[in-house]
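Student: Below is one structure. I have some questions about it.
The values are calculated or read from the model by the stated rules, or taken from the named source; none is laboratory data. Owing to the predicted nature of the structure, the values given are computational and were not obtained by experimental measurement. Glycine also receives a Cβ, built like all others from the backbone with ideal geometry; neighbour counts cover every protein chain displayed.
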Amino acid sequence: MDSGRDPIALTDLVPAERVRALALEAGFDLCGFARPEPIPPAWLAERAVDRLDPRRLLPDARTVVALACNYWTDEAGVEGSPIARYARGRDYHATMRDRLRAFRRLLRDRWPGLRTYGSVDHGPFMEKVWAARAGLGVIARNGCLVTPRYGSWVVLAVLVIELEVDAYADGPGADRCGSCRLCVDACPTGALDGAGRVDSRACLSYQTIENEGPVPPEHREAMAPHVFGCDVCQDVCPLNVAPLQAVGPRFLPRPVAGLDARGLAAMTRERYTELVPGTALARAGYDGLRRNAAYALGAARDGAARPVLEKLAQDPNAVVSDAARWALARLPLS
């Protein structure tokens with residue numbers, strides 16, 4: 001929360017369209033408004049009270065502003081990238097924080113002294129739930145927020161403010177999935193329960209990014225061709241059939257997105273330092289990316305990867321060497 005400022009007393013309703021225009025000026029593609037009413041306890045999680053009630057974070061909160069940016073790009077040379085689409089360019093956390101700062105400045109130019117609380121996929125807020133409440137989209141069967149304009153190719157942020165606007169969303173929209181189960185059936189590890197919930201322990205996005213140890217044996221065969229994240233449930237979704245190109249350079253793929261699994265497995269530490277910092281791939285780290293690449297190569301039965309896997313099998317990092325030995329055992333003999 002912002003500090004060093006006295007709370008402002010604003011009793012007049014503010015036009016929602018005026019605030020939305022400032023959000024778009026700051027670089028966001030979508031902006032919606034929800035009242036700061038607590039989320040039902042069914043969404044319990046770590047720091048549950050803070051996550052459920054915005055007024056625990058900003059006592060005079062009057063509005064939760066949900067914000068989204070389209071990140072879909074279609075660039076030559078990265079069509080088969082083993083890196084999830086959102087992670088191919090600049091780290092979206094940095095992009096969204098930059099835009100939140102710009103949005104705050106614009107708001108304070110108009111309403112000096114305004115207090116806010118912002119979150120970009122790392123604080124106590126559940127951005128996806130608030131985005132649905134604010135009318136930006138609905139949570140689909142694959143657990144992703146799907147927007148009418150951009151599909152699920154969006155990253156999210158929220159900004160809690162002391163202003164009350166004159167128009168709020170009525171809450172989450174109507175279900176758009178119907179009887180479709182394409183994402184559930186396509187999920188490589190069966191991580192989707194069909195009701196919008198994801199088993200993070202099975203999801204390849206969790207396993208390739210958050211899990212620092214060995215990937216459970218039952219999920220390794222599903223890792224071809226995934227080295228960082230997984231887009232399968234979004235790629236098969238009929239609501240994503242007409243994606244729109246993201247505006248500006250922030251989400252354009254960086255050179256690291258042009259590497260295949262073999263190239264990522266063979267990265268030296270110097271090459272990693274050259275290519276990865278400033279991208280979301282840094283969350284997995286040098287050893288995590290090479291571990292993931294080894295699993296992906298083994299699952300793909302990529303015989304041409306034998307030299308790099310033999311080298312990784314001697315790596316001083318036990319998790320990397322274990323993944324490489326697992327992969328080698330699955331390569332064809334000739």
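Student: With the requirement that a residue be part of a loop (DSSP other than H, G, I, E, B) and either within 20 Å of the chain's Cα centre (by Cα) or within 19 Å of Ser152 (Cα to Cα) (or both), what does the range 27-42 give you?
Tutor: Gly27, Phe28, Asp29
Student: Report whether or not Arg254 is touching a helix residue (DSSP H, G or I) at 6+ places or on another chain (Cβ under 9 Å), in contact (Cβ under 8 Å) with a residue 60 or more places away in the chain, closer than 28 Å to Gly151 by Cβ and of a type in the set (Lys, Arg).
Tutor: For Arg254, the condition - touching a helix residue (DSSP H, G or I) at 6+ places or on another chain (Cβ under 9 Å), in contact (Cβ under 8 Å) with a residue 60 or more places away in the chain, closer than 28 Å to Gly151 by Cβ and of a type in the set (Lys, Arg) - is met.
Student: Quick check, is Ala195 in contact with a strand residue (DSSP E or B) (Cβ under 6 Å, 6 or more places away or on another chain), assigned to a loop (DSSP other than H, G, I, E, B) and more than 26 Å from Arg330 (Cβ to Cβ)?
Tutor: Spelling it out, it is not the case that Ala195 is in contact with a strand residue (DSSP E or B) (Cβ under 6 Å, 6 or more places away or on another chain), assigned to a loop (DSSP other than H, G, I, E, B) and more than 26 Å from Arg330 (Cβ to Cβ).
Student: Residues Asp185, Asp175: which one is among the acidic types (Asp, Glu), at negative phi and either under 20 Å from the mean Cα position of the chain (by Cα) or outside any helix (DSSP H, G or I) (or both)?
Tutor: Asp175
Student: Give the residue that is surrounded by the fewest Cβ atoms within 10 Å (Cβ to Cβ), with candidates limited to residues of the range 234-248 that are within 17 Å of the chain's Cα centre (by Cα) and among the polar types (S, T, N, Q).
Tutor: Only one residue fits best here, namely Asn240.
Student: Another question, if that's okay. Can you pull out the residues in the range 284-324 that are among the basic types (Lys, Arg) and surrounded by 17 or more Cβ atoms within 10 Å (Cβ to Cβ)?
Tutor: Arg290, Arg291
Student: I'd like to check something: does the range 306-326 contain any residue that is touching a His at 6+ places or on another chain (Cβ under 7 Å) and not assigned by TED's automatic domain parsing to the domain that holds Ser81? It would help to see each step written out before you state the result.
Tutor: Narrowing the range 306-326 to residues touching a His at 6+ places or on another chain (Cβ under 7 Å): none.
Checking the range 306-326: not a single residue is touching a His at 6+ places or on another chain (Cβ under 7 Å) and not assigned by TED's automatic domain parsing to the domain that holds Ser81.
Student: Can you give me the number of residues within the range 97-124 that are in contact with a strand residue (DSSP E or B) (Cβ under 6 Å, 6 or more places away or on another chain) and under 20 Å from Ser205 (Cα atoms)?
Tutor: The number of residues fulfilling the criteria is 1.
Student: Related question: With the requirement that a residue be under 25 Å from Lys128 (Cβ atoms) and over 19 Å from the mean Cα position of the chain (by Cα), what does the range 190-214 give you?
Tutor: Gly190, Asp193, Gly194, Ala195, listed by residue number.
Student: Now for a separate question. Could we say that Pro225 is part of a loop (DSSP other than H, G, I, E, B), outside the structural domain of Leu100 (by TED's automatic domain parsing) and under 20 Å from the mean Cα position of the chain (by Cα) here?
Tutor: yes
Student: Next question, about the same structure. When only residues in the range 82-97 that are part of a loop (DSSP other than H, G, I, E, B) and in contact with a helix residue (DSSP H, G or I) (Cβ under 8 Å, 6 or more places away or on another chain) count, which is surrounded by the fewest Cβ atoms within 10 Å (Cβ to Cβ)?
Tutor: Asp91
Student: Sticking with this structure for a sec: Give Leu100, Leu106, Leu114 a once-over and let me know the one that is assigned by TED's automatic domain parsing to the domain that holds Ile39, in a loop (DSSP other than H, G, I, E, B) and closer than 30 Å to Gly248 by Cα.
Tutor: Sole residue among the options that is assigned by TED's automatic domain parsing to the domain that holds Ile39, in a loop (DSSP other than H, G, I, E, B) and closer than 30 Å to Gly248 by Cα: Leu114.
Student: I would also like to ask the following. Scan the helices (runs of 4 or more DSSP H) fully inside the range 242-334 and keep the ones with 2 or more residues being among the charged types (D, E, K, R).
Tutor: Working: elements: 261-265, 269-275, 285-299, 306-312, 318-328.
Fully inside the range 242-334 and qualifying: 269-275, 285-299, 306-312, 318-328.
Student: Restricting attention to the range 61-81, which residues are over 25 Å from Pro148 (Cβ atoms), modelled with pLDDT of 95 or more and either surrounded by fewer than 18 Cβ atoms within 10 Å (Cβ to Cβ) or in contact with a Leu (Cβ under 7 Å, 6 or more places away or on another chain) (or both)?
Tutor: Arg62
Student: Based on what the data block shows, is Glu164 acidic (Asp, Glu) and at pLDDT 95 or above? Steps first, answer last, please.
Tutor: Numbers: acidic (Asp, Glu): yes; at pLDDT 95 or above: yes.
Yes; evaluated as a whole, the condition is true for this residue.
Student: Please give the number of the condition Val160 fails out of (1) in contact with a Pro (Cβ under 9 Å, 6 or more places away or on another chain); (2) surrounded by fewer than 23 Cβ atoms within 10 Å (Cβ to Cβ); (3) part of a strand (DSSP E or B).
Tutor: Just one mismatch for Val160, condition (2).
Student: Take the residues of the range 119-131 that are in contact with a Leu (Cβ under 6 Å, 6 or more places away or on another chain) and at pLDDT below 95: which is nearest to His93 (Cα to Cα)? So that I can check it myself, show each step before the final result.
Tutor: The initial filter retains those residues of the range 119-131 that are in contact with a Leu (Cβ under 6 Å, 6 or more places away or on another chain), namely 127-128, 131.
Keeping just the survivors that are at pLDDT below 95 gives 127-128.
Values: Glu127: 13, Lys128: 15 Å.
That would be Glu127.
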